[in-house]
Amino acid sequence: MSAVAPLQRAFAQAAPAARPLPAYAAFKDPGSMIVHSTNTIEMRRGAAGMGAVTTVNQLYVRNNLAPPSADIMAKPDEWVVSVEGVRVPRQFTLGELKKRKSETVTMVLQCSGNGRGFFPSKPSGTPWTTGAAGCVMFTGVPVRELVAAQGGLLKGARFMTGTGGEVLPAGIDPKSRVERSVPLEAMEDAILAWQINGEPIPLAHGGPLRLVVPGFTGVNSVKYVKRLAFGSEESDSAIQQTDYRMTPASEKSVRPTDPSVWQMPPKSWVNLPLPDSQVKAGETVAIQGVAFGGVHAVRHVDVSTDGGATWARAELVGPDLGRFAWRQFALNVKLSPGAHLVTSRITDVKGNVQIENRVENRAGYINSSWRDHAVKIQAA
Ligand SMILES: Nc1nc2c(c(=O)[nH]1)N[C@H]1C(S)=C(S)[C@@H](COP(=O)(O)O)O[C@H]1N2
Ligand SMILES: [Mo]
């Protein structure tokens, strides 16, 4: 294995956030974040350096609705989640869940719209580039064990549905609640989690209790979860039926028959050097980034410094934290004077390769294109 040049601290130059952090996310590192709005906060590209696990103070935040009152964090152990669609349905307090055997999963949490900012069609929604994603450790009760303890599923279950604990203002259509359904198989890996990176989950990330669905896009990991239900139908919520579907860009509205945004496809991107940065020609430069397979582990990552014409195998560095986590990769290169288009491409253990071109869709979901994630750098 070749040695990798020391971490380039280019991210230290990151400008402070232009908009202030909202109170519920005030603990975030302002220099690492881009505040798009109160409910959409992105991590700057490269801000996490080569950390395998994203710190909570750098993790992006995305809320579809205003988060619930911070009062729900006052007595976290009294938080109640109702488990339905099992032979013996019941309500559990978080205090009760904590007495059960817990598990920890390290997983990429990525917004379905991460990379939307690279769509030339400028779909409506936050123009995230790379930073609506992080890799974090969640600890809690495996859903499959909870289901087994309640006598198993009732017949006919095809979906697992989580309901968020936001309180809708009076007069608001209940279909605007945050409620997401995923295929039943996702239950095998799902966790009702109360810890992130070994600490209680803060309100911003769905505390006191969050459903996490490893390998699926962020929207499926329902924060402040108050109900976990199994049944034959998907939720009738707007977020399930008319949002988060891969609708062709040519369609005016989303059809419930368009594929839902569920499992994440393989994706990687270069974090350092940063876009539009300068490096010294002829000297060793470490190209560094992150790669994840979505539901399958990373097999290898290739890096190109000529916009995809030629590729070289990168080195996987840092710990392997399981198939749902991302891997860091690095490759030392020496660049000739001039402009270089640097990008990366992951292949997962099943042989799936990161796509070259984005899948065009109305809302700009799931941009995994290695072309769109390329960074232009100058060697001089
Ligand atoms: N209850 C609830 N859960 C939610 C959301 C929400 O608005 N309410 N937003 C979803 C979306 S779109 C994403 S990308 C992730 C963001 O998780 P984070 O804010 O912890 O990064 O939470 C998901 N779970
Ligand atoms: Mo999201």
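When residues in region 73-119 are screened for being within 16 Å of ligand 1 (Cβ to nearest atom), more than 27 Å from Ala297 (Cα to Cα) and assigned to a loop (DSSP other than H, G, I, E, B), 1 of them pass.
Every listed requirement among (1) surrounded by 18 or more Cβ atoms within 10 Å (Cβ to Cβ); (2) within 16 Å of ligand 1 (Cβ to nearest atom) is met by Ser268 save one, (2). So which residues in region 311-326 are free of Cβ contacts under 8 Å to residues at least 60 places away in the same chain and crowded, with 21+ Cβ neighbours inside 10 Å? Listed by number, the list holds a single entry, Ala314.
A quick yes/no check of all residues on (1) under 19 Å from Ala193 (Cβ atoms); (2) of a type in the set (Phe, Trp, Tyr):
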| residue | (1), (2) |
| --- | --- |
| Pro22 | no, no |
| Phe27 | yes, yes |
| Thr38 | no, no |
| Glu42 | no, no |
| Ala48 | no, no |
| Thr55 | yes, no |
| Pro68 | yes, no |
| Glu78 | yes, no |
| Val83 | yes, no |
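For region 203-234, the set of residues classified as within 16 Å of ligand 2 (Cβ to nearest atom), assigned to a loop (DSSP other than H, G, I, E, B) and open to solvent by less than 10 Å² (accessible area, probe 1.4 Å) consists of Gly206, Val213, Pro214, Gly215, Thr217, Ser221, Val222, Tyr224, listed by residue number. Cβ-Cβ contacts under 7 Å between residues 6 or more apart (or on different chains), taken from a first residue in region 280-295 that is touching a residue at least 12 places away in the same chain (Cβ under 8 Å) to a second residue that is among the charged types (D, E, K, R) and exposed (fewer than 15 other Cβ atoms within 10 Å of the Cβ), are listed as Gly282/Lys334; Glu283/Lys334; Thr284/Lys334. Filtered by the rule that a residue be away from ligand 2 (no atom under 16 Å from the Cβ), small (Gly, Ala, Ser) and closer than 26 Å to Gln241 by Cα, region 140-169 gives Gly156, Ala157, Gly165.
Residues in region 338-361 include at least one that is over 30 Å from Met246 (Cα atoms) and surrounded by fewer than 16 Cβ atoms within 10 Å (Cβ to Cβ). Quick check on Arg87: is it in contact (Cβ under 8 Å) with a residue 24 or more places away in the chain, within 14 Å of ligand 2 (Cβ to nearest atom) and either of a type outside the set (Asp, Glu) or closer than 23 Å to Gly293 by Cβ (or both)? So Arg87 fails the test. Could you give every pair whose Cβ atoms fall below 7 Å, whose first residue belongs to region 45-74 and is more than 30 Å from Ser176 (Cβ to Cβ), and whose second residue is within 14 Å of ligand 1 (Cβ to nearest atom) and open to solvent by 50 Å² or more (accessible area, probe 1.4 Å), counting only separations of at least 6 or pairs across chains? Short answer, once both residue conditions are applied: Val53/Met137; Asn57/Phe27.
From the list Arg177, Arg158, Arg144, the lone residue that is open to solvent by 30 Å² or more (accessible area, probe 1.4 Å), at pLDDT 95 or above and within 11 Å of ligand 1 (Cβ to nearest atom) is Arg177. Scanning region 120-136 for residues that are open to solvent by 10 Å² or more (accessible area, probe 1.4 Å) and away from ligand 1 (no atom under 13 Å from the Cβ) yields a total of 7. Checking the stated criteria, Ala66 turns out to be open to solvent by 30 Å² or more (accessible area, probe 1.4 Å) and modelled with pLDDT under 95.
The values are calculated or read from the model by the stated rules, or taken from the named source; none is laboratory data. Because the structure is predicted, anything quoted here is derived from the model rather than measured. We place every Cβ from the backbone using ideal geometry, glycine too, and count neighbours over all the protein chains shown. For accessibility, only protein heavy atoms count, side chains too; no ligands or nucleic acids. Shrake-Rupley method; radii C 1.70, N 1.55, O 1.52, S 1.80 Å.
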